[in-house]
Structures are given as C-alpha cells and as structure tokens.
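A short worksheet on the structure shown next.
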Amino acid sequence: MSLNSSEEEEGSSYDSADGRYPPCCPSGLVPAKLTIVVGDTHFSEEKMLLVQSCDYFRALYRSGMKECRQDEIHLKCLRARGFFLALAVLRGEKPALDGDDIVEAIECAAFLQVERLTQHLINLTDSDNCLLMYHTAATFGLMELYHAAALFIRNMYTDLEAEVRKSLPSELISYVESLTPSVFVAVGAHVTCGGVETIHAASRTVCYLDETANTWKVLTDLPLEASTSMAGVTALENKLYIIGGVHGLHKQVVDACFCYDVKENSWGRISSPAQLRYNLSLLGVDSHLYAIGGEYERTVMSSVEIYDVKTGRWKFAAHLPRPAAGAACTKAMSRIFVCLWKPMETTEIYEYISRRDEWRLVTTLIRQQSYGHCMVGHRDCLYVMRNGPSDDFLRCLMDCYSLSSGQWTSLPGHFANSKGSLFTAVVRGDSVFTLNRSMTLEYIVEGKNWKPRRQMKGFPRSGSVWTFMLQLPENLMLK
C-alpha cells in the first residue's frame, strides 16, 4: 500500500467546524486524544477528528454513555488494517488499496460510517477491482459504494459481462442489469430564441448518442430563455445545469440559470450567481457547482462562486490566482483542478483546496507553442489536451500528469484528424469519449495510454459543444 497526501487536508484535519464539542460531551470531560484498540493494535488519535468524520463516534459522544469519558475505546468488530486505512484517509492521505485492503476498508467504512473513506473507495473503483468492490459492499451494506460499483460495472458491461456471470450471485447480477448505463450527451452553443421560434430553433436541443443505432437523438429542447452561447454547462448528480451565457447581437448577459432534471424530464430555474458572467468554466463536484472565472462587460474576471444544490444558495470562494475565461477544468479523485495559461507557452494547473478556500499550484506544463485547452480526470491522472505546434488545432497532443507520482508523461501520437480537433472529452468507466463534427471516438484507458476502441457518428453541429454523461430512464430513450 502506498500513501499519497492530499494537500487539502494537510494541517487542518483536526479542526472542528465551529470549535465546539458535541452537546453531550462538555470539553472538560472529553479527552483530546483517544486510544482506539482494534484487536491487539492500539491507535492514538485526536478525538475531534473521529467525531467529525465518523457517524459511529459522533453518535457515541452524543449518547451520554460512559464511553464518552473514557480515554480508551475497544472496537471488537473490526480488523486493525481497516481502521489504519480509515485513519489514513481522514488525515488526507490517498492510499492505493489491494484486494485485502479493499475488503477491510469496506468493512470499516460500513461499521464506522466513514463517508470520506467510502468516497475514496468509489474514486478507486476500476475495471480490475469493481467486482470485488461491488460484492463486498453488498456483503457489508455500504450502499453508496454498492450503487457506484454497480453502475461502473453496467457502464463497462461489454468488457465485464463474462466475468460478472462467472463470479457474482444472481441477485447482484440482476441489480447491475436493472440499471441503465450512462449515455453520451452533447449540446451545442445556441443563443436565446427571444420567445419566438426561428429557423435555428430546431437545433436548440440536447442530444444523446444511441450507440446501438449509431445515431444522435433528441433528449430535450432548451428552454426559450436559455442560452448556451458562452455559458457554463455541466452535469451533476444526473442533472444538467446551464449558468450564464449571452444572448442578442450585443452579447447581453443571461441572468437566468436553468436545471434539467432527467428523472422528471423537465426544466426548472435556479438562482443566479451574485456576479453575472459569461465565458465561464462550470464544474460539478459533490453536490456543488463551481462557476469559475469568465467575463462581464468584456472584462475577464478571477472571481469564483459555489452553488450548493441542497440549499439553493451561491457563495463566493477564493479568487483564481489571475483572471481567466473559458479555462479548462476537471475533477479527479473528488478534487477540483483548473488550467491557467501564462506566457510564454506555460500551462499551470491549480487545485482548489476547499477546507482552506484557496487555490494552490499543483504543477506546470511547458510546451513549445502550445497551451492546455481541455483537461479530463481519470482515476488519479489528469490528461491535458493541447494544440499542436504553431497553434495547429487540427492535431491534438496530450500529456498526462499523475497525482500520485507528481510526474508528467507525454502520450504518443495525435488525438484528432484533419476534420477537426478533439478539445472535449468525458469519462465513462475506464473509457473516454471524444467528439467532433465528423466522429465520436471512444478510447479505452490502459495504464496511462488512450487506445482507440470504436468510432461512431459525429455531432453534426458547428461551434462550441459541451459533452457529459447522463443516466436516462428507459421511457426517454424509447420515445
């Protein structure tokens, strides 16, 4: 097992959100450190870290039981290795797990209800371990991982079906097959109709790729008031969001924001950010939307706002290190990254550290006559797609940055053809879908290399395009 620290947690894991102890535990009676005994192994850990991060300890210290005043607690239902892994994750480390580690980590996450460990397990799910993740999560009742692993298997079913039928019990197979796989969805750049149907209205649609028929089909029409021209568009928790953008000949900023609920097959409005903006980057992570940079009245901005989908409220976050519009951004291992350009020929990658509300430089990529235009995260790697020499946008080159090793690797070959660049990419399982007008190309990610898998129909729209994955109910796909 290797441990890789996330700077987000460094030096801040033990701080209480409000500095107070749980209601049933006056500070004078609660030890600052606890000794946790698991089998024959003793662990010494900050009590507040455990209370904040584990539902088990939170409930224990709210119960008023005698254990609240003890400085040593025995956990008889766990194995030491699993608890060690849980502590590593709570301290901000990102341990890589083998088969035995996975089983013991799932057991611990289920028993202690450690949300961050569960999320780490979801982040680590891949084609090699997804069956083990799924079966073990079912055994211990870790339902969030159970569903995530099942969906991963469903999305990679072509590759995994034989192994699934050989190694999983029938009830687990049935659940996987009951899920609808994620489909490749695209929407082009369109201005508002102004409430009047125009000759362009027919193209104001969100479309998905029917991979069996190899054709694009309409999922839904855009609302008349919505504009995807220079807007922020992203998917989060199986919903599509459109923030900002412009409309009209004078590029007036759109102040309405929209959300498409796939399950309900309906559009609704959400509140707008405090700062109107267009040409922004929009990213969805862990029930939050991040509106990053953009422009307003032709001024490039560095401001960032975060929307909590549970509360329906926006708040300002730390500014970017410098103004940026249309910056490439992605998530990997539940972490948020953005590419910022810096003359000459320098692409800097920053990470947003949510606990500290700050942007931190992760790495720098310097390539002659080239900047990163698209970035996609897969497992613990960031893939940066960039133009070829002399702004040759017909040849897309790619570099991979490993978050674990801190090393850059240049991928061999080009990732476009003479008919257009591939500066959009989205991950499904261990595959990546790229798109231009002439073709949709699926790659399989093996190691750090992208290998072409199959070619399908391109998206027949000009201009900018946004792509993402959504799970569509069967009734929508049958219409």
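The values are calculated or read from the model by the stated rules, or taken from the named source; none is laboratory data. Keep in mind that what you see is a predicted model, and the values were worked out from it rather than measured. Ideal geometry is used to build each Cβ from the backbone, glycine not excepted, and the neighbour counts take in all protein chains shown. SASA here: full protein model, heavy atoms, side chains in, ligands and nucleic acids out. Shrake-Rupley method; radii C 1.70, N 1.55, O 1.52, S 1.80 Å.
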Original post:
Could we say that Gly268 is surrounded by 14 or more Cβ atoms within 10 Å (Cβ to Cβ), at pLDDT 95 or above and among the small types (Gly, Ala, Ser) here?
Top reply: no
**OP:** Please work out which residue is farthest from the chain's Cα centre (by Cα), limiting yourself to segment 125-151 and to residues that are open to solvent by 40 Å² or more (accessible area, probe 1.4 Å) and closer than 23 Å to Cys381 by Cα.
**Re:** Leu132
Original post:
Would segment 441-450 turn up any residue that is open to solvent by less than 50 Å² (accessible area, probe 1.4 Å), touching a Phe, Trp or Tyr at 6+ places or on another chain (Cβ under 7 Å) and not in a strand (DSSP E or B)?
Top reply: no
Original post:
In segment 70-112, which residue that is within 26 Å of Arg335 (Cβ to Cβ) and of a type in the set (Phe, Trp, Tyr) is most open to solvent (accessible area, probe 1.4 Å)?
Top reply: Phe84
**OP:** Tell me which of these Asn265 doesn't satisfy, since it passes every other one: (1) in contact with a helix residue (DSSP H, G or I) (Cβ under 8 Å, 6 or more places away or on another chain); (2) within 23 Å of Val376 (Cα to Cα).
**Re:** (2)
**OP:** Having 3 or more residues that are within 21 Å of the chain's Cα centre (by Cα) and within 25 Å of Val465 (Cα to Cα) is the bar; report the strands (runs of 3 or more DSSP E) wholly within segment 272-374 that clear it.
**Re:** 281-285, 288-296, 299-308, 329-332, 335-342, 346-353
**OP:** Within segment 412-426, work out how many residues are modelled with pLDDT of 90 or more and either outside any strand (DSSP E or B) or surrounded by fewer than 21 Cβ atoms within 10 Å (Cβ to Cβ) (or both).
**Re:** 1
**OP:** Select, from Leu121, Leu85, Leu117, the only residue that is touching a helix residue (DSSP H, G or I) at 6+ places or on another chain (Cβ under 7 Å), farther than 22 Å from Val37 by Cβ and assigned to a helix (DSSP H, G or I).
**Re:** Leu121
Original post:
Do you know which residues across segment 113-123 are touching a residue at least 40 places away in the same chain (Cβ under 8 Å), of a type outside the set (S, T, N, Q) and surrounded by fewer than 22 Cβ atoms within 10 Å (Cβ to Cβ)?
Top reply: Glu115, Arg116
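Yes or no, residue by residue, for (1) open to solvent by 30 Å² or more (accessible area, probe 1.4 Å); (2) not aliphatic (A, V, I, L, M):
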| site | (1), (2) |
| --- | --- |
| Leu209 | no, no |
| Thr212 | yes, yes |
| Pro223 | no, yes |
| Ser227 | no, yes |
Original post:
Just checking, which of Glu161, Glu67 is part of a helix (DSSP H, G or I), open to solvent by 30 Å² or more (accessible area, probe 1.4 Å) and at pLDDT 95 or above?
Top reply: Glu161
**OP:** Find the residue count for segment 243-287, including only residues that are among the β-branched types (Val, Ile, Thr) and touching a Cys at 6+ places or on another chain (Cβ under 9 Å).
**Re:** 2
**OP:** Go through segment 309-351 residue by residue and tally those that are hydroxyl-bearing (Ser, Thr, Tyr), buried (at least 21 other Cβ atoms within 10 Å of the Cβ) and under 18 Å from Tyr241 (Cβ atoms).
**Re:** 1
Subject >> Residue ID - modelled with the lowest pLDDT, chosen from residues in segment 364-403 that are at negative phi and of a type in the set (Lys, Arg) >> reply: Arg395
